[in-house]
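A short write-up of the structure that comes next.
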Amino acid sequence: MRVALAGNPNVGKSTVFNALTGMHQHTGNWIGKTVCNAKGYYTKDKTIEIYDLPGTYSLSSSSKEEEVARDFICFEKPDACIVVCDAVCLERNMNLLIQIMEITQNVTLCLNMIDEAQKKGIKINTKKLSETLGIPVIEVCAREKKGLDEIMQNIKTCRTKFKINYCEEIENAIDIVLPLIDDKIDINPKWLSLKLITKDESFKQSITKYYPNILKDKLLISKLEEARKYLYQCGILNDLNDIIVSTIIDKCKEITNQVIIENNETYNQRNRKIDKILTNKLTGIPIMIIGLMIIFWITIVGANYPSDMLFQFFSYLEQYITNFLNFIHMPTIIISLLVDGIYRVLYWVVSVMLPPMAIFFPIFTLLEDVGYLPRVSFTLDNTFRKCKACGKQSLTMAMGFGCNAVGVSGARIIDSPRERLIAILTNVFVPCNGRFPTIIMLLSMFSVGNSSILRAILLTIIVMCGIIMTFIISLILSKTLLKGEPSSFVLELPPYRKPIIIKTIIRSILDRTLTILSKAIKVSILAGIVIWLLANITIDNMSLLNKLAIILNDFGLLLGLDGAILVGFILGFPANEIVFPIIMMIYMNTITLTDLPSLENLKTLLISNGWTHVTAICMIIFSLFHYPCSTTCLTIKEETKSTKWAIIAFIIPTIIGILLCMIVNFII
C-alpha cells in the first residue's frame, strides 16, 4: 500500500513521517525542508510505503514543490493520502486539503499540533469537521507520537465524495468538456476538466507525460476551446484562476467557521511583539550580527578543549597502530604511507573539524526549531531583491556556515533556476567550518589582545565581509551571466516554539555533523596519499613538496603570501582543514604532518619563515575568498548537472581572493 503524506510547510509533516517510519529526516521550524519525495515504511506494517511530499500551500504548480506534490497525488495514484494540517492555522491549511480532495477520494486529515491549539485557546469540533468533509479526522501530537496509529487504522477505509460547487458559468463550462473525459483515466473527471480549461502549462506537460494521447483528441480540443469561448463571453475567462481560488477559500472559511468552537484571537500577540524587534529595519540586522558573534564566541571557546583532547587521543593511538603494523610485518614504506600519510591527515581533519561542527550545527538547528532563521531570511530579503536574487538565498547562506556543500544542495528550495544558480555560485563566500579554524588561529596569533570576545568580534567582521561580497557578486551575476529580475516567494513566519533541546542536539550531530565529517574523511584519504608522496619523493635531495613551494614562491610574495602557503591551499583542495598542517610541513621540512605544542611555538615558526601582520591579513583574505573544496565542487556539479558551473564556481572566488590579496599587499 502506497500512502502520500502532504501538507503545508511547517505543519510538522516531516515529524509525522519520522514518527510513522522510524526514519530521521531532518525537521525544522521553517519552509523548504523537503524538496523531493522521501520514502519510508510504516514501522508496524512493512507493506505500507509512506512518501513524504514537499511542503506546499496549494497544487497550482507555481513552484517545484507544488508540481512534485501535485503530480505524485494525481498521476502516481497513491492508495491513500494523509493531509497534515496545523490545528492552530486550520483555515489556511484547508486550502490544500480541499484541492487534494478534488483530485482523490482517499484522504485522511491529520490534525497535528492539537496540543498547541489547546494551549492557545483554540477548540475544534473534529467530529463535525469529519462529517462535513466526509473523511476521517484524527487529532495528533506528532512530537509525542500521539494519534499516529489511529491514522494508519483509518487510511484503508477513507472514501470521500466531497465536491466543490463553482459559479454557474464555470459549472456550465465543465459540463461542456466532462462527457469527453475518458473514464479509463483514474483522475476526478470534474477536476481534470477544469484543469484542462484553465490552460495550466505545467499540468499540460505532466498529463502529456503520463497520458500522451489525451490532448491529441481533436474533439476534446474543440470542446475545450468551446468552453473557453463560453467563459470569455461570460466575461470571466481572464479571471478564471482567481475565481477558482476565491471559491475554495470561501469554502475553507465556511467550514472552519462551523467547526471552530472557540478561538482566542490574542494568542499570537507575543509573537508579533517579538517580530516587531527581530524583523524591524533598524533592529533586525544588528540583532542578527550580535547573535552571529555570540555563536562564534561559543564555538571558539567550546571547541578548543575537545580539539586538544582529540589530538592527544589520536597521537596516543598512533603508536599502537604502528606497533600493530610492525607486529604483522607490514613493509616499512607501507607503514609510513598508512600512518604518516593517511592516518595523520585523517586525525588532523577530525580533530580540527569535529568539535566546532558539533557546537555550531546544533546551535543553528536550535535556531531553526525556535523559528528565528525564517526571520533572518525576512530581514535580508529586501537586500537580496535589490541584488536581483531571491530572499531564500539567505537560508542557503546560513547552511553554508557549517558546510558549503550543504548550502549548495540546500539551494533546491529556490524555485527559479537563475536564482538557484546565483545562490550556488556565491555560497562559497560564506566561510565554512573547514576555514574557521585557520581564521581563528591567525586571529589568536596576530590580533591585538588574547580575549576570546575580541576574536569573536573580529571573526564576525570577517564573516560580514563575506556576506557583503555575496551581495556584490549576486548583483554582478544578475547583470551579466545570469540576467533577470528577482522572483517573489511566500515566506510564512512560523510561530516561536520551544525546541526539544537534547533530541535536537543528538539528531543534529548524527544527521549533519557526522554526515559532513564522513565526506571529508573520504577525500582526506586521497589527500593523505598525495601529501605523503610529495613529501617523500625527492629530486636533488629536496622533496617535491618543497620544490613546489620554491616554484610558487614569487607569485605567492606578489599576493603577500609565499610559495608554502600556496602549496598548502592547492593540496588542501580536498579539505580546508589540512591547509595549515601542509604549510607547517614545508616550513619544518618534515615528511609527515606535525603538530606544535602551542600557538606561541607556531607563531615563532611562522615569523622565522618571514611572516608579518600583512602575511596574516592576506592569509585570512585568501582563506575567506578562494575556490571551494572538492566536496563542494562535486556537489555543485551534481546540483547543476554541469561541469561548466562547477568551474565558474571555482574561478570566481579565486580571482577575487587573488586581487584583494594583491591590493592589500601593495597598500599596507
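All of the numbers you see were taken from the coordinates with simple rules; none came from a lab. Remember, it's a predicted structure, so these values are computed and weren't measured experimentally. Positions of Cβ are backbone-derived with ideal geometry, glycine not excepted, and every protein chain shown enters the neighbour counts.
Summary of values
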item: Over 17 Å [Cα-Cα, segment 2-154], rounded percent; result: 57 percent
item: Binned Cα-Cα distance frequencies in the chain - 20 Å width, integer %; result: 16, 43, 28, 11, 1
item: Column: log10 I(q)/I(0), Debye, Cα scatterers of segment 351-482, q = 0.15 Å⁻¹; result: -0.74
item: Size of charge dipole - segment 168-235 - debye, nearest 20, with Cβ of Lys, Arg +1 and Asp, Glu -1, no other charges; result: 340 debye
item: Whole-Å distance, taken between Cα centres, linking segment 292-314 and segment 597-668; result: 22 Å
item: In nm, spacing of pseudo-spin labels at I655 and L599 (7 Å Cα→C-beta vector); result: 3.6 nm
item: Relative contact order (%) - the chain, alpha-carbon pairs under 8 angstrom, separation at least six; result: 11 percent
item: Alpha-carbon Debye profile of segment 542-605, log10 I(q)/I(0) at 0.16, 0.17, 0.22 Å⁻¹; result: -0.50, -0.56, -0.92
item: Computed over segment 309-381, Kirkwood Rh from alpha-carbon pairs, angstrom; result: 15.3 Å
item: Listed residue (L5, M94, F17) projecting farthest to the positive dipole end of segment 2-154, Cβ model; result: F17
item: Förster radius 56 Å - calculated FRET efficiency between D79 and F313, Cβ distance, rounded to 0.05; result: 0.60
item: FRET E, pair I289, K218, Förster distance 60 Å, beta-carbon r, rounded to 0.05; result: 0.40
item: Loop-located trypsin sites (Lys or Arg not before Pro) in segment 40-103 whose Cβ has at most 13 other Cβ within 10 Å (DSSP); result: K44, K46
item: Overall dimensions of segment 168-235 as given by Cα atoms, namely Rg and Dmax in Å; result: 11.4, 34
item: Ordering of 648-660, 401-413, 236-248 by packing [mean C-beta count within 10 Å, highest first]; result: 401-413, 648-660, 236-248
item: Net length gained if the chain between K123 and Y320 were fully extended (0.36 nm per residue, minus Cα distance); result: 64.4 nm
item: Cα centroid separation, segment 138-152 to segment 164-241 (Å); result: 38 Å
item: FRET efficiency for E638 and I521, using Cβ-Cβ distance with R0 set to 22 Å, rounded to 0.05; result: 0.70
item: J(HN,Hα) series, segment 69-77, from Karplus relation 6.51 cos²θ - 1.76 cosθ + 1.60, nearest Hz, glycine and proline x; result: 5, 4, 5, 5, 5, 7, 10, 7, 6
